[in-house]
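Laboratory data are not the source of any read-out in this text; all were calculated from the coordinates shown. All figures in this text were calculated on a predicted structure; none of them were measured in a lab. With ideal geometry, Cβ positions are generated from the backbone for all residues, glycine too; neighbour counts draw on all protein chains shown.
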Amino acid sequence: MIDQLGSPLKRLYAYFIDLLPISTAVFCFFYFFMGFDEVSFQHLNNPMTEEFKEPFQATEAKIRNISLFLWVLYGIIMDASPLQGTLGKHWMGLKVTDDEGKRISLGRSFARNTLKIISILPFFLGVIWIFFNPERKAWHDGMAKTLILRREEEKV
């Protein structure tokens, strides 16, 4: 199974492929419909004024937290789906499996994706671990007993 492991760089690319549209959509929603355009305009024109800095930081935190929540939810659903991974992983030729190479359950997907927060919090050390672990497992993969494998080519 070691020869089937997914590339750490492909995992990184997949992460950006998945995160960019989610973050952009949440940002645009706040910008166009929730008044973030005015809040950011006021803050950029008065960066040292607490009156404008506080609402800007509060809205920025909401955008970040909602994006994180949607990213985790998206990962939970997609990793347990027949696609066996997010669209980014699919496009990078990767899939999420259990330690035996089988599709994971929704419960294991929930564990894997919520544990990503533990991998990310200490300066992304749990994710960087992929480069040092012989099975290329991030901390959340080890705790959830999952692997990222290369997707086999479909035979026609």
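Things worth noting here:
- The range 109-155 gives an Rg/Rh value of 1.06, both radii derived from C-alpha positions and Rh following Kirkwood.
- The chain: Cα Rg divided by the 2.2 N^0.38 Å rule of thumb: 1.23
- Summed side-chain charge close to W91 - residues other than W91 whose Cβ falls under 11 Å, Lys, Arg +1, Asp, Glu -1: +2
- Candidates N45, N133, N113, ranked by Gaussian network fluctuation over the chain, Cα under 10 Å, top entry: N45
- Over 22 Å (Cα to Cα) - which of K62/K89; K10/K137; K10/K116; K62/K137; K62/K145 fall in this group: K62/K89; K62/K137; K62/K145
- Local electrostatic count, I76, Cβ distance below 13 Å [Lys/Arg +1, Asp/Glu -1]: +1
- Length-normalised contact order of the range 1-150 in % [C-alpha pairs under 8 Å, at least 6 apart]: 28 percent
- For the pair the range 106-123 and the range 27-70, the centres of their Cα atoms are 27 angstrom apart.
- At full extension, E60 and L9 could sit 15.5 nm farther apart than now, given 0.36 nm per residue minus the alpha carbon distance.
- Positive minus negative residues near F124 (Lys, Arg vs Asp, Glu; Cβ under 13 Å): +2
- When the convex hull of its Cα atoms is projected in every direction, mean area for the range 19-103 (nm²): 7.1 nm²
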